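Working notes for the structure below.
The values are calculated or read from the model by the stated rules, or taken from the named source; none is laboratory data. Please read these numbers as outputs of a predicted model, since none were measured by experiment. Here the Cβ positions follow ideal geometry from the backbone for every residue, glycine too, while neighbour counts run over all protein chains shown. Surface accessibility is based on the protein's heavy atoms, side chains included, excluding ligands, DNA and RNA. Shrake-Rupley method; radii C 1.70, N 1.55, O 1.52, S 1.80 Å.
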Amino acid sequence: MQSKLKKVIHPPEFLGILGGGQLGRFFTIAAQKMGYSVVVFDPDKQSPAGEIAEKHICKPYNDLKALDELKASCSAVTTEFENVPAETLKYLEKDIIVRPSSKAISIAQNRIKEKDFLKKCGIPVGPYVVIDSIESINNIDEKLSIFPGILKIAEFGYDGKGQIHVKNKTELEAAFKTFNSVPCTLEQKLNLDCEFSVVLARSVDGEEIVYPTFWNSHKSGILETSSIGPLRTESLIASLNRRFIPSTRTIARELNYIGVMAVEWFLVNDGYWVNEIAPRPHNSGHLSIDACVYNQFDQQVLALTGNDLKQPEVEFPKSVMLNILGDLWFRDGAQKEPKFEMIAGLGVKLHLYGKAEPRIGRKMGHVTILGLREESHEDVLDRCESISKILWEN
């Protein structure tokens, strides 16, 4: 049992990670930097993390023999995304340290369970109804004003996938059938003032580290930009911090969470709602790689190995991140490599994820624009816009 396993794992022991995309790749880099070795478990032969890890087990997540090999190969296991089956984590944690736990993952990977959990914690969520049958559609109370809404599958949705906007019951029924009538949530479409995320790390001892709030902008359901310096009044920021940061801590504690997590928030008329919990490092937290001394992946390694966490030590508080999607490779109807050399400059950091091929909507990398001392946050945003324009026009 985990309670009987050693508390601190020291280098050069092996650490395991389920999933080998860009989050797993950054975890691997952080772990190796600290002297650990990494075994990646990912069914993708071209896994970006698997390419740089000491070992890659390329098997399905439900392959028990392969999972036994993983247990024999490392001292502790974490995950890079919430869509790894909770049963896989439950199987592993019988014999090896798994952080975060299967229980925490099982809640965060299912929108219905997640919203029930948040309500029990007293955390505000937007108006929604559970859609799990045609009867549940017919029983929607017209007084709820749930339309226009967004139908979201309860499990395995991400980056805008598994979501359909609907205006009425007729469209809702058609969308539900499109999703093969799997359980869903119908969430009221909110007129958002803005979206932001809180990235928190929590250790075995309950120590908590909170990163600066990341203010986010999405396009077609996919994160486009994140920034540390918000274009908001200081009084509003202070007011929100007093509410949503304690709420994020409550979520982590009630989940008995160990590791790095992010909570996505909506600001609506000075009120705030949870969008979802991400039980892992977060795309918006990529800013910490260049803007902070200790990034979110450093904290993930420290929490997994039972070590004390580190204060982030923000060096560049006016920073912006621009996501690079596969769309950039398909300008003018033909596939061509972007001219990344044209954006090189002071305070510009390019990160490509090592993915084998670009696809529309696929996250291929990101650019961090570090705010220089003499710049305002608006100046950094202008530079970000200019960089995006250069990439798309050349």
Using a 1.4 Å probe on the protein chains only, how many percent of the accessible area of the chain belongs to carbon and sulfur?
50
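Using 1/(1 + (r/R0)^6) with R0 = 41 angstrom and r between the beta carbons of D141 and R249, what's the FRET efficiency to the nearest 0.05?
Working: r = 34 Å, r/R0 = 0.84.
After rounding to 0.05, the efficiency reads 0.75.
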Under a no-solvent Debye model with one identical scatterer per Cα of the range 172-212, what's log10 I(q)/I(0) at q = 0.28 Å⁻¹?
-0.96
Output for the range 10-49: trypsin sites (Lys or Arg not before Pro) sitting in coil per DSSP, at most 12 other Cβ within 10 Å, listed by number, reads K45
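As a check on your grasp of the helix formula, calculate [θ] at 222 nm for the chain: sum -39500 (n - 2.57) over DSSP H runs of n ≥ 4, divide by the residue count, round to the nearest 500.
Working: 11 runs with 113 residues, N = 394.
When only DSSP H runs of four or more count, the value is -8500 deg cm²/dmol.
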Which whole-Hz ³J(HN,Hα) couplings does the range 344-352 yield from phi under the Karplus relation 6.51 cos²θ - 1.76 cosθ + 1.60, θ = phi - 60°, glycine and proline marked x?
4, x, 4, x, 10, 10, 9, 10, 9
From phi via Karplus (6.51, -1.76, 1.60), per-residue ³J(HN,Hα) for the range 200-207 in Hz, x at Gly/Pro:
10, 10, 9, 8, 4, 7, x, 5
The range 193-332: C-alpha pair distances exceeding 24 Å, %:
30
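Per residue Cα convex hull volume for the range 4-61, in cubic angstrom?
Numbers: hull volume 4.7 nm³, N = 58.
Per residue, the Cα convex hull of the range 4-61 comes to 81 Å³.
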Residue of V77, V129, V40 that the Gaussian network model of the chain assigns the largest fluctuation, springs spanning Cα pairs under 10 Å:
V129
Per residue accessible area of the chain, 1.4 Å probe, in Å²
45
Where trypsin sites (Lys or Arg not before Pro) fall in DSSP loop in the range 347-384, at most 12 other Cβ within 10 Å
R373
Simple spin-label model, 7 Å along Cα-to-Cβ: D382 to A66 in nm?
5.1
If one builds a Gaussian network model of the chain from Cα atoms under 10 Å apart, the most fluctuating residue listed among N295, N275, N241 is N241
Please report how far the C-alpha centroid of the range 339-394 lies from that of the range 105-163, rounded to the nearest whole angstrom.
35
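Rounded, prolate or oblate: which one fits the range 166-270, using the alpha carbon gyration tensor with axes a ≥ b ≥ c (rounded when a/c is under 1.5, else prolate when a/b beats b/c, else oblate)?
On the way: a/c = 2.41, a/b = 1.49, b/c = 1.62.
Note, shape of the range 166-270 comes out oblate.
Could you work out the per residue convex hull volume over the alpha carbons of the chain, in cubic angstrom?
Convex hull volume per residue, Cα atoms: 150 Å³.
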5 angstrom amide H check on R362, placed H, neighbours 5+ away
G326, D327
Could you check the simple spin-label distance between D44 and V8, using points 7 Å along Cα→Cβ, in nm with one decimal?
3.5
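Within the set K7/K90; K103/K310; K45/K355; K7/K310; K219/K363; K45/K389, which residue pairs have Cα atoms separated by over 23 Å? Intermediate values should be presented prior to the final figure.
Numbers: K7/K90 19 Å; K103/K310 26 Å; K45/K355 11 Å; K7/K310 18 Å; K219/K363 13 Å; K45/K389 34 Å.
In this structure, K103/K310; K45/K389 lie more than 23 Å apart at Cα.
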In the range 116-178, trypsin sites (Lys or Arg not before Pro) in a DSSP loop with at most 15 other beta-carbon atoms within 10 Å:
K161, K167
Dimensions in Å of the range 35-96 - Rg and Dmax from alpha carbons
11.0, 30
Longest to shortest principal axis, alpha-carbon extents of the range 252-394, angstrom
50, 38, 38
First check a/c for the range 134-206, with a ≥ b ≥ c the square roots of the eigenvalues of its C-alpha gyration tensor; if it is under 1.5, answer rounded, and if not, answer prolate when a/b is larger than b/c or oblate otherwise.
prolate
Describe numerically, in nm with one decimal, the distance between label points set 7 Å from Cα along Cα→Cβ at A174 and at I360.
2.0
Net lengthening on full extension, K55/E208 (0.36 nm per residue, minus Cα-Cα)
52.0 nm
